Number of protein chains: 2
Amino acid sequence: MSDYYSQEFHGPYETFELGDFPLENGARIRGLKLAYATFGTLSPEKDNAILFPSWYSGTSKILEQAYIGAGRALDPGKYFIILVNQIGNGLSSSPHNTPPPFNAARFPALAVADDVRAQYRLVTEKFGLEQLQLVLGGSMGAQQTYQWAVQYPNFVRRAAPIAGLARTTPHNRLLVSTFIEAITSDPAFDGGWYERAQSVHRGLRRHARAFVAAGLTPAFFNQEAWRDSGFSSLEDFIIAFAENHFLPQDPNNLVLLASKWRDADVSRASQGVLAEALARIKAKTFVIAIQDDGFFPLEDIAAEQALVPNSELKIIPSIWGHLALFGLDQGFNKAIDAILAELLAVA
Amino acid sequence: MSDYYSQEFHGPYETFELGDFPLENGARIRGLKLAYATFGTLSPEKDNAILFPSWYSGTSKILEQAYIGAGRALDPGKYFIILVNQIGNGLSSSPHNTPPPFNAARFPALAVADDVRAQYRLVTEKFGLEQLQLVLGGSMGAQQTYQWAVQYPNFVRRAAPIAGLARTTPHNRLLVSTFIEAITSDPAFDGGWYERAQSVHRGLRRHARAFVAAGLTPAFFNQEAWRDSGFSSLEDFIIAFAENHFLPQDPNNLVLLASKWRDADVSRASQGVLAEALARIKAKTFVIAIQDDGFFPLEDIAAEQALVPNSELKIIPSIWGHLALFGLDQGFNKAIDAILAELLAVA
C-alpha cells in the first residue's frame, strides 16, 4: 500500500465496516470499508449533521483544509460535519488496498448510487441519523449530492451540488474518457497489472496535463495567475501543482473513479428520464456553478437546475475555473461560504 | 509515401520548387516543395489574387470544398485564388515525403514565418504578384495570415484571420502539447522512427478524441448535432469523423505541424512585443472569431484584434465550435461568406 493514502498524509480518519456489499451491477465488494472524518459534535437532537463526500482524486483531507473551520460556513462549532471518502479514492475500499483476487484491475466498477447507499448506512447505522441538514459536494461530489437528494429525498433537507452534474453529458463523458486513456495507454499500466504504481508515472503526468488544460481557465494561464501561488514558471506550476497531485496516486484508483464519473446518471432508476429523477428532490437546493468551468459548462449546470423543484442557481466567478474547488482562490472561498451560509439559514 | 497524400485524394495540385531553403532557426530544408492549387484567372493587372494557406491536418482540398465556388465570396469567376499547403502538411515538403537523412524525425522544426517567406516566393516568383487582395486562413491558417500581414505589410491589402491567434497563448500551448503527446506517447511512434505510419494508429485515435473534445462545443454533443450529418451514434461519429480524419495521416507530419502551431508568435521579430508586431499591419483586417471556440476563446481573439490598427472583430456563432471551419455548418458558411464579401468590397 502506498504511503500516500496513509493516516500521516490524509488523517486522522476513521473506518466504517460494511461487510460484503452488493453493487447495482450485480458485483459485490468484499469487506467494504468507508473512510470518513468528522468535525464538531452531533447535537442531542441529531439535527446538525452535514455530509460532504469527496471528489475525483481527492480525499477528506482537502475538504477539511479548504472548507471547514471556525467562522466558515461549515463551522464545527455549530455543525457535525461528516467528510466521507468515495469508494475507490484510496482511503475507502479501493483497487490498491483490496486483497487479491479482488484487487487492482479486478476491483468491480461501481455507480454513484452504490456510494450513496453505503454512505446512507454510515450515517444511519453509525450515527443514528434520520436527516441530514445539508449534503454538499464539488465535482464528483456534486454527483453524489444529487444522487443523495434523488435517492433519499426525505433524508436530505438541503443540498448544494457544486460545479458538477446529476448526469454526465456526452461531451463530459468524452473528456473524462481522454483522461482515462492518458493513464491506461501507458504501456507500464499493463491493463491495471503494474507491479509498482510509480512505473505508470508517464501516464499519470500526461493525465495531469490534460486535467489542468481543461480544469483551469484560459485567463488563468494568460494572466499567469500561478504566480500568486509562488510558482516560478508555467512549467514549474504544472509539475509542482498538477503532476505532483496525481503522481503519488494509484492508477487503478483513478481509473475506477473516472469511470464512475463518466457513467454518473441519477436517472438510471427513472428509466433514463432526468426530469423525473430530479423532480423527486425535496431538499432546498442551491445549485452552484463556477463561471468558466471547463469541465462543467454553466449552461449544462443551469439546464439541470431548472429541473430541480425547490432550487436556485448560484454562480461564482473564478479565474481558477473548475479547480477553484481546491480552495486556492480566496474570492471563491468567500463566495462559497456566503452561499452555504445562506442555504443553511433557510428554515 | 502514403496514398492519402496523393493527387487522387487531394489533387489536382501543383508544385513550386524552392531549392534549398534556410529556416529562421538556422536549419535548412533541402529541395523545398510547396504544393498549391489555383482557381480562377489572374487578371492582366494582377489585381485579383487571394492567398489562402491550409490549416492543421488539412490540405488545399478541404479549403476548396468548403470555401471556393461560383456565388461564394471566394468566386473563381472574379478572383484568382491560390490555396497553398503549409510545409509539413503532407502535400508540401514534409517529414514523410522527404528523402533520408532529412526525413521523419529529422525533418527540421520550423516557424510560421518560414512558411510565409516560402509562400512569398511562390506568389512573387511564380505569379509575379506585387500585392494580394486578401490573405485569409482558419486556425493555423490564421497564424499564417497574421504573419503575412505583419511580415509583408505593403503586400497584403486585406486580411482575414479566422478562429486563430497571432501568438499562441499559454493555455493553447498546453492544449496543443497534450495533442502532441497523445501521438508521441504511443510506443509504436518510437521517437518518430516507426516503419509504418499505420502502426501508430492507437496514438492517432487518442489524438482524434482529444481533438474533438476541445474542437466541438458541449452543445454539439448535448444536441446530438452529429445526427444532422447522418451518423448513427456519438461513437459512430467519433470513429467515422474524427478518427477517420487523422488515421491515414503521417504522425511525424502531425507532430511537426502541431509544434509549429504551439510556437506560433508574430512578435518574434519585435522582441516579443505583440502590440508592436500587430501595429505594423496595414491591411484592412477582419478578425473573425467563432463564438464558442474551445481552441481559441473569443476573449483571446478579441484581445489581439484590439491591437490591429485598421481592424474589426466579427463573431460567428456555431454549434460546431472551432470545427465549423470544416464547412459542415451551412449557417457558418453563409456568415463567413457575407463577412468575406464585405471585406472584399472595401476599397
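The values are calculated or read from the model by the stated rules, or taken from the named source; none is laboratory data. On a predicted model such as this, the values are computed, not experimentally measured, just so you know. Glycine gets a Cβ as well: all are built from the backbone with ideal geometry, and neighbour counts include every protein chain shown.
Is region B:48-62 home to any residue that is outside any loop (DSSP other than H, G, I, E, B), without any contact (Cβ under 8 Å) to a residue 40 or more places away in the chain and more than 17 Å from residue B:131 (Cβ to Cβ)?
no
Please go through region A:319-347 and give me each residue that is within 19 Å of the chain's Cα centre (by Cα) and farther than 22 Å from residue A:50 by Cα, ordered by number.
Listed by number, the residues that qualify are A:320, A:321, A:322, A:323, A:328, A:329.
Would you tally the residues in region A:302-347 being buried (at least 18 other Cβ atoms within 10 Å of the Cβ) and on the phi > 0 side of the Ramachandran plot?
Final tally of qualifying residues: 1.
Any chance you could count how many residues in region A:136-179 are touching a residue at least 60 places away in the same chain (Cβ under 8 Å), aromatic (Phe, Trp, Tyr) and farther than 17 Å from residue A:294 by Cα?
Looking only at that region, the number is 2.
Any chance region A:178-186 includes a residue that's surrounded by fewer than 17 Cβ atoms within 10 Å (Cβ to Cβ), touching a Ser or Thr at 6+ places or on another chain (Cβ under 9 Å), more than 10 Å from every other protein chain (Cβ to nearest Cβ) and of a type outside the set (Lys, Arg)?
Within region A:178-186 (the criterion being surrounded by fewer than 17 Cβ atoms within 10 Å (Cβ to Cβ), touching a Ser or Thr at 6+ places or on another chain (Cβ under 9 Å), more than 10 Å from every other protein chain (Cβ to nearest Cβ) and of a type outside the set (Lys, Arg)), the answer is no, since none of the residues qualifies.
Of the residues in region B:169-226, how many are of a type in the set (D, E, K, R) and either in contact with a strand residue (DSSP E or B) (Cβ under 8 Å, 6 or more places away or on another chain) or not in a loop (DSSP other than H, G, I, E, B) (or both)?
Final tally of qualifying residues: 7.
So which of B:71, B:26, B:77, B:31 ends up being of a type outside the set (Ser, Thr, Tyr), over 15 Å from residue B:138 (Cα atoms), more than 19 Å from the chain's Cα centre (by Cα) and in a strand (DSSP E or B)?
B:31
Return the only residue of A:197, A:166 being at pLDDT 95 or above and either within 11 Å of chain B (Cβ to nearest Cβ) or within 19 Å of residue A:322 (Cα to Cα) (or both).
A:166
What number goes with the only condition from (1) more than 10 Å from every other protein chain (Cβ to nearest Cβ); (2) more than 19 Å from the chain's Cα centre (by Cα) that residue B:215 does not pass?
All conditions pass for residue B:215, except number (2).
Pull up region B:271-281, narrow it to residues that are among the small types (Gly, Ala, Ser) and touching a residue at least 12 places away in the same chain (Cβ under 8 Å), then point me to the one that is surrounded by the fewest Cβ atoms within 10 Å (Cβ to Cβ).
Going through the qualifying residues, I end up with B:275.
Restricting attention to region A:312-329, does a residue exist that is closer than 30 Å to residue A:25 by Cβ and either at pLDDT 95 or above or of a type in the set (Lys, Arg) (or both)? Walk me through it before giving the result.
Our first condition is that a residue be closer than 30 Å to residue A:25 by Cβ; within region A:312-329, this holds for A:322, A:325.
Okay, now just the ones that are also either at pLDDT 95 or above or of a type in the set (Lys, Arg) (or both), so A:322, A:325.
Within region A:312-329 (the criterion being closer than 30 Å to residue A:25 by Cβ and either at pLDDT 95 or above or of a type in the set (Lys, Arg) (or both)), the answer is yes, since at least one residue qualifies.
Among the residues of region B:257-306, which ones are within 22 Å of residue B:329 (Cβ to Cβ), in contact with a strand residue (DSSP E or B) (Cβ under 8 Å, 6 or more places away or on another chain) and part of a helix (DSSP H, G or I)?
B:298, B:301, B:302, listed by residue number.
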